[in-house]
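To start, the structure itself, in structure tokens.
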Amino acid sequence: MAKKNTPVISNNACGCLIDDILEKRDDQGDRLCSASESDMEFFIDPDPEKISVDFYQRRRTDGLPIIPPTRERVDRFLNFSEYDPEDVQAVLPPKMGQATPEKIAINSVMAGCRPGFQPVLEHVIKAISHDKFNLAGVNATTHPISICTIINGPLSDELGLNSGAGCLGPSNMASATIGRSLRLCLINIAGAVPGVGDHATHGSPAKYSYCFSENEDETPWDPFRVEMGCKKEASTITVMAAEAPHNVNDHRSRTAEDLLDTIVHTAATAGCNNSHVPGEILVIMSPEHAETIRKDGWKKEDVKNYIHENGVLLGSLGDRGGRKLDDKWIIGGEVHITRSPSDVLLMVAGGPGRHTMISHGFGNGSLSITVPITLKDGSIPYSVEEFKKK
């Protein structure tokens with residue numbers, strides 16, 4: 001019996017049990033795997049529609065059709081990994097599944113990714129495994145929290161992620177499939193199956209895919225990755241436990257202060273996790289809103305300070321969440337939704353229009369992670385081709 005509080009790691013916990021497809025054994029016959037006599041068949045030349053239904057019935061998909069992860073397809077992805085297929089990149093709760101390049105590639109094929117996305121996805125998986133990200137809590141909560149993935153820098157441009165119009169919506173292959181691959185990895189490696197390892201009361205559309213890039217060409221400030229201490233020539237991964245974005249519609253404000261008042265009044269709402277457990281919020285500002293603030297001479301630090309100082313609500317309204325509001329956060333009968341200005345993750349993205357998007361976080365139950373994308377030797381890659389096996 002495992003000792004109390006000692007995680008039990010399953011070597012076979014890729015979740016989808018697709019290992020058996022990829023490692024065909026003589027005693028396996030035509031069955032999908034050897035775990036059960038009633039397992040479904042897998043055909044050498046799979047019919048995509050049938051495989052999608054089969055995997056769906058096994059609760060190994062997000063409900064959308066998948067691309068069958070054949071050996072040939074998976075190998076094309078592994079060609080962009082510097083690691084051996086079975087090297088453990090991370091251990092993901094609650095199932096404590098071992099995330100290897102092969103298992104990440106399997107789910108990425110299923111999601112519709114391109115092979116060159118593989119090194120980015122490996123970095124995403126390693127980022128969410130950091131202790132302070134608290135993936136166990138993010139997966140287990142009844143809160144409709146998702147994982148927002150922000151990919152910035154030269155590799156984002158090369159892969160074609162969307163930083164402009166509609167960046168949080170459909171139609172961009174890189175943004176959509178990278179976000180979807182992460183969700184499939186959470187289902188099939190971490191075991192975050194709704195109602196089993198994922199206990200969100202309602203879930204969220206953001207759990208399908210929530211991935212975009214900062215619009216660095218139109219930001220009046222240093223890029224977010226530079227603010228986080230990364231080199232300007234580096235590409236970065238940022239992961240944050242975040243709710244689906246909420247719109248801030250302000251077409252009339254012409255001063256920085258008026259515009260930010262609209263933003264903080266939208267953000268400071270009773271019922272969000274930040275109201276009773278102050279923590280991070282994500283502010284995705286359109287270029288037009290950012291330009292309004294720039295014209296008034298406000299720096300990024302000024303904006304973050306203003307949002308923190310003015311993002312408050314009555315303590316009596318904040319103390320209604322799942323956890324009792326700690327008295328230390330109540331000052332003058334009010335509570336700040338952030339602990340400090342550094343809890344405001346501010347970046348510019350999107351296209352024309354005077355809108356800002358707000359994503360509340362998971363209170364202080366999870367902290368965002370920003371890491372540079374590096375080669376195995378720690379050097380900075382300037383193209384995904386540098387990850388490709390020679």
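All of the numbers you see were taken from the coordinates with simple rules; none came from a lab. For clarity, every value in this text was computed on a predicted model and none was experimentally measured. FYI the Cβ positions are ideal-geometry reconstructions off the backbone, even for glycines, and counts take in every protein chain you see.
What the table below lists for this structure:
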{"read-out": "Ranked packing of 70-76, 109-115, most packed first, by mean Cβ within 10 Å", "value": "109-115, 70-76"}
{"read-out": "Local electrostatic count, ALA200, Cβ distance below 12 Å [Lys/Arg +1, Asp/Glu -1]", "value": "-1"}
{"read-out": "In nm, spacing of pseudo-spin labels at LYS50 and ASP302 (7 Å Cα→C-beta vector)", "value": "6.6"}
{"read-out": "Local net charge near SER253, Cβ-Cβ under 13 Å (Lys/Arg +1, Asp/Glu -1)", "value": "-3"}
{"read-out": "5 Å binning of all Cα-Cα separations within region 50-124, expressed as whole percents from 0 upward", "value": "3, 17, 26, 22, 20, 10, 1"}
{"read-out": "For the chain, convex hull volume per residue from C-alpha positions, Å³", "value": "149"}
{"read-out": "For region 251-337, alpha-carbon Rg and Dmax in angstrom", "value": "14.1, 42"}
{"read-out": "Charge dipole magnitude, Cβ of K and R +1, D and E -1 - the chain, Cα centre, debye nearest 20", "value": "620"}
{"read-out": "Farthest positive-ward along region 211-353 dipole, Cα basis, beta-carbon charges - from ALA234, VAL348, VAL335", "value": "VAL335"}
{"read-out": "Rounded D (µm²/s) - region 63-188, Kirkwood Rh over Cα pairs, Stokes-Einstein at 25 °C, 0.890 mPa s", "value": "164"}
{"read-out": "Protection proxy ranking, peptides 245-256, 220-231, 338-349, average beta carbon neighbours within 10 Å, highest first", "value": "338-349, 220-231, 245-256"}
{"read-out": "Along principal axes, Cα extents of region 191-283, largest first, whole Å", "value": "46, 36, 23"}
{"read-out": "Hz values of 3J(HN,Hα) by residue in region 296-304 - Karplus curve (6.51, -1.76, 1.60), Gly and Pro given as x", "value": "8, x, 7, 8, 4, 4, 5, 5, 5"}
{"read-out": "Debye-sum result for region 120-231 in log10 I(q)/I(0), which assumes one identical scatterer on each alpha carbon, at q = 0.13, 0.14 Å⁻¹", "value": "-0.53, -0.61"}
{"read-out": "Rg/Rh ratio calculated on Cα atoms of region 181-242 (Kirkwood radius)", "value": "1.11"}
{"read-out": "Taking the C-alpha atoms of region 342-389, convex hull volume expressed per residue in Å³", "value": "159"}
{"read-out": "Length gained when the stretch ARG294-ALA140 is fully extended (0.36 nm per residue, less Cα-Cα span)", "value": "51.4 nm"}
{"read-out": "Whole-number D in µm² s⁻¹ for region 285-390, Kirkwood Cα-pair radius fed into Stokes-Einstein, 37 °C, 0.692 mPa s", "value": "190"}
{"read-out": "Packing rank of 185-193, 372-380, where each peptide gets the mean count of other beta carbons within 10 Å, highest leading", "value": "185-193, 372-380"}
{"read-out": "Theoretical FRET efficiency, 1/(1+(r/R0)^6), r = Cβ-Cβ of ASP327 and THR374, R0 45 Å, to 0.05", "value": "0.55"}
{"read-out": "Between region 150-197 and region 93-125, the alpha-carbon center distance in angstrom", "value": "11"}
